[in-house]
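Here the structure comes first, spelled out in structure tokens, and everything after it is commentary.
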Amino acid sequence: MEILNEISQLIQKGNAKLAPEKVKEALSSGISAETILNDALIQAMSVVGEKFKNNEIYVPEVLIAARAMKAALEVLKPILTETGVKPIGKVVIGTVKGDLHDIGKNLVAMMMTGSGLEVIDLGVDVAPEKFCEAVKNYSPQVVAMSALLTTTMPNMKTTIEKLQEQGLRDKVKVIVGGAPVTESFAKSIGADGYAPDAASAAEIAKKFVQ
Ligand code: B1M
């Protein structure tokens, strides 16, 4: 669909003003939020990632594309988080220490909210101690960690070890994800679950709280 391509181009160029407008237009023309999300927004960021990897663009361009992506995502947020029911459980989520990528994590949080879960979002660069503190303060059933850098993935393991050290590990299920994270990595660090995308992360979290 042409409009999806237009949205993708606007995000790639970092147009945070027009991208959300086009998303609204696509929604009113009857295209579903999921289609816009997957075929325009996420697609745009993977093109940006590829260009960045090939040194065709640099951090400033990636940053402005990310801003446009976030602005566009704000339009979809009410639809993705729409739920008429009382929360069925609680999740503490964050991007691990040293990692500032939050678009995927925000998406996971939105999908979880939309699945009827209460989500406590600790933000980015979350230290193991902060995850532990949140478990003590909010008593969630699930701790969800996101990492986008191979260099920050080990901080997922450190966080699980910290939970263990503080006697909190048995009180929560731990789910991990993010582009470089794999099922086998998740198993190797002792996580309870791994999800390749936001929708399956929400499904797993829902299963864990029931
Ligand atoms: Co960065 N970056 N970045 N970056 N960046 C990547 C991740 C990279 C792959 C780009 C590349 O080289 N192709 C690369 C990592 C390489 C590696 O580690 N192997 C990289 C790098 C190197 C860096 C810097 C080091 C660059 C530098 O400074 N030289 C730096 C690090 C900063 C830091 O974190 N300390 C950096 C900085 C940035 C920006 C700040 C400019 C910006 C982030 C803005 C922001 O998030 N607010 C940025 C961006 C935007 C990207 C790319 C282009 C896009 C990421 C994104 O938002 N994707 C990315 C390339 C890429 O991924 N193709 C890249 C869209 C998003 C929806 O997908 O986050 O994967 P994603 O989430 C997915 C799934 O992974 C999953 O669900 C989502 C989809 O449904 N998921 C989970 C995510 N979390 C989950 C948790 C779960 C389950 C599923 O359970 C809990």
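The values are calculated or read from the model by the stated rules, or taken from the named source; none is laboratory data. Not measured: the values here are computed from a predicted model. Note: ideal-geometry Cβ built from the backbone for every residue, glycine included; neighbour counts use all protein chains shown.
Of the residues Leu107, Leu148, Leu163, the single one that is surrounded by 18 or more Cβ atoms within 10 Å (Cβ to Cβ) and away from the ligand (no atom under 14 Å from the Cβ) is Leu163. Within the stretch 91-128, the residues that satisfy the criterion of being more than 9 Å from the chain's Cα centre (by Cα) and among the polar types (S, T, N, Q) are Thr113, Ser115.
Yes/no per residue for (1) modelled with pLDDT of 95 or more; (2) over 17 Å from Glu2 (Cα atoms); (3) of a type in the set (Lys, Arg):
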position: Lys17; (1), (2), (3): yes, yes, yes
position: Lys22; (1), (2), (3): yes, no, yes
position: Ala26; (1), (2), (3): yes, no, no
position: Ile31; (1), (2), (3): yes, no, no
position: Ile42; (1), (2), (3): no, no, no
position: Met45; (1), (2), (3): no, yes, no
position: Gly49; (1), (2), (3): no, yes, no
position: Lys53; (1), (2), (3): no, yes, yes
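Considering the conditions (1) near the ligand (Cβ under 9 Å from one of its atoms); (2) surrounded by fewer than 16 Cβ atoms within 10 Å (Cβ to Cβ); (3) of a type outside the set (Asp, Glu), Asn137 is excluded by exactly one of them, (1).
Residues in the stretch 192-210 that are at pLDDT 95 or above and either within 9 Å of the ligand (Cβ to nearest atom) or hydroxyl-bearing (Ser, Thr, Tyr) (or both): 7 in all.
Residues in the stretch 88-104: is at least one within 30 Å of Ala16 (Cβ to Cβ), touching a residue at least 40 places away in the same chain (Cβ under 8 Å), assigned to a helix (DSSP H, G or I) and of a type in the set (A, V, I, L, M, F, W, C)? Yes, there is a match, as at least one residue in the stretch 88-104 is within 30 Å of Ala16 (Cβ to Cβ), touching a residue at least 40 places away in the same chain (Cβ under 8 Å), assigned to a helix (DSSP H, G or I) and of a type in the set (A, V, I, L, M, F, W, C).
For the stretch 178-210, a residue qualifies if it is free of Cβ contacts under 8 Å to residues at least 12 places away in the same chain and within 18 Å of Pro87 (Cβ to Cβ), and exactly one does: Lys207.
Reported count of residues in the stretch 84-101, each being modelled with pLDDT under 95 and within 12 Å of the ligand (Cβ to nearest atom), is 0. When Pro78 is tested against (1) away from the ligand (no atom under 12 Å from the Cβ); (2) buried (at least 18 other Cβ atoms within 10 Å of the Cβ); (3) free of Cβ contacts under 8 Å to residues at least 40 places away in the same chain; (4) closer than 26 Å to Lys17 by Cα, only condition (2) is not met.
Taking the stretch 72-85 as the range and being among the small types (Gly, Ala, Ser) and outside any helix (DSSP H, G or I) as the test, only Gly84 passes.
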